[in-house]
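Enquirer: The structure under discussion is supplied below as structure tokens; questions concerning it will follow.
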Amino acid sequence: MSKIIWKIKTFDELTVPELYAVVKARIDVFVVEQNCPYPDLDGYDQKAIHLWAEENGEILAYCRIFDKGIKYDEASIGRVLTTEKARGKNLGRQLIAYAVQTIENRFRTSEIRISAQDYLLRFYSGFGFEDTGRKYLEDDIPHTEMLRK
């Protein structure tokens, strides 16, 4: 019986197999599944805290977290995903709860700005994120900027 392990690391702490697993999960979900050819390696991974759940070295849920002033004036969470085989197990909920906790503890702020795919607005509002009214298409997918104060 394998167990789900949660990990949190800076870029420099990532092992090569971990980095490979992170990039693979992001490409599988965003590029292949959601059909969005976008530059995943955008130069921001080096500035991020990486948070994920894994089982047998395979990523189940992942996000990257930024301090204030990197992506936005506020702290932020991005590249949020749950892999296909891990959906329906509430890992996404745990992931965001851990991400918010990490931002509050490490960066000493509760203000978080995110870019959410529109079908997840209700999900994020459950964590105190509010619709800013700023809506846009990113890779042909409707997004809304959300802020948690």
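Enquirer: Between a residue in segment 136-149 that is touching a residue at least 40 places away in the same chain (Cβ under 8 Å) and any residue that is among the hydroxyl-bearing types (Ser, Thr, Tyr), which pairs come within a Cβ distance under 6 Å, given they are 6 or more apart or on different chains?
Expert: Within 6 Å, the pairs are Asp139/Tyr38; Leu147/Thr132.
Enquirer: Quick check, is Arg93 basic (Lys, Arg), within 18 Å of Asp28 (Cα to Cα), free of Cβ contacts under 8 Å to residues at least 60 places away in the same chain and surrounded by 13 or more Cβ atoms within 10 Å (Cβ to Cβ)?
Expert: No.
Enquirer: Anything in segment 92-123 that is part of a helix (DSSP H, G or I), of a type outside the set (D, E, K, R) and over 12 Å from the mean Cα position of the chain (by Cα)? List them, or say none.
Expert: Within segment 92-123, Gln101, Thr102, Ile103, Asn105, Phe107, Tyr119, Leu120, Leu121, Phe123 qualify.
Yes or no, residue by residue, for (1) in contact with a His (Cβ under 7 Å, 6 or more places away or on another chain); (2) closer than 24 Å to Glu54 by Cα; (3) at pLDDT 95 or above:
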| position | (1), (2), (3) |
| --- | --- |
| Arg79 | no, yes, yes |
| Arg93 | no, yes, yes |
| Glu104 | no, yes, yes |
| Phe107 | no, no, yes |
| Tyr119 | no, no, no |
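Enquirer: Among the listed residues Phe123, Phe127, Phe107, identify the single one that is closer than 20 Å to Tyr44 by Cβ, surrounded by 14 or more Cβ atoms within 10 Å (Cβ to Cβ) and touching a residue at least 24 places away in the same chain (Cβ under 8 Å).
Expert: Phe107
Per-residue answers, yes or no, for (1) within 16 Å of the chain's Cα centre (by Cα); (2) in a strand (DSSP E or B):
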position	(1), (2)
Ile8	yes, yes
Asp12	no, no
Asp28	yes, no
Asp40	yes, no
Trp52	yes, yes
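Enquirer: Still on this model: Would segment 61-76 turn up any residue that is in a loop (DSSP other than H, G, I, E, B), in contact (Cβ under 8 Å) with a residue 40 or more places away in the chain, surrounded by fewer than 16 Cβ atoms within 10 Å (Cβ to Cβ) and among the basic types (Lys, Arg)?
Expert: No.
The values are calculated or read from the model by the stated rules, or taken from the named source; none is laboratory data. The shown structure was predicted, so the numbers you read here are calculated from the model rather than taken from an experiment. Reconstructed Cβ throughout: ideal geometry from the backbone, glycine too, with neighbour counts over all protein chains shown.
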